1. I need F202, F131 ordered by Cβ neighbour count within 10 Å, fewest first.
2. Which order do the peptides 192-198, 146-152, 114-120 come out in when sorted by mean C-beta neighbours inside 10 angstrom, highest first?
Amino acid sequence: MKKIIFIFALMPMFLVAQNNGNGRNGSSFFDWGLRAGVHNTQTSVNGAEGKVRSGDPQAGYHLGTFTRFNFGLFYVEPEFQFASSRGELEFLRDGESNTYRSIKFNRFDLPIQIGQKLGPLRVYGGINFNFNRTEGLSSVISSGLREETRAWRAGIGLDAGNFSMDVRYESSLGNNVEGIRLDGEPFAGNLRFTHIYLSLGFTII
């Protein structure tokens, strides 16, 4: 995992060096820039009916870099992103609300998206490889978040000069945990996250 993160983090440096070596300030083949924004997270649990259900969406933030490889009207865009997210679960007792528990987790994301340009608009979709940091979850999740998970995402973007704005929807492709704690005892449950992202970007090269 560390090798993959290291490669993605260094990729823009190699592209900048190549660009400068060609004596240009920009390239029609690729763009590179910074992106940051906010998102909300909805936590859902399957297989735990009558025991746990989703709480309210919780706000988080994300920031990172993006590299866009342009192929005419189409493009491929890998990103390297840090995201800090929160989730909420409502625990039930005898079918009635008992307590709310918050989940806070950080992760590194490596999304890879394929998109099409429609003038200043872009539409795209892809897969996001998540590398979760599991500290501070033992009171709710019996074994922590899985270290590596995946999610699918789709979005729409708007470019205006060097600036861009994106709205994205993302949903887990599988279970994010091995189990959840209820009154201190673990039980089986399929926990997934859905996110809605609002991001602002600035293209540097």
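Here, each number is a calculation from the coordinates, and none is a lab measurement. Small disclaimer: the values here were computed from a predicted structure and weren't measured. We place every Cβ from the backbone using ideal geometry, glycine too, and count neighbours over all the protein chains shown.
1. Details: F202 12, F131 16.
Ranking F202, F131 by Cβ neighbours within 10 Å, fewest first, gives F202, F131.
2. Working: 192-198: 17.9, 146-152: 15.1, 114-120: 13.1.
The packing order, highest mean first, is 192-198, 146-152, 114-120.
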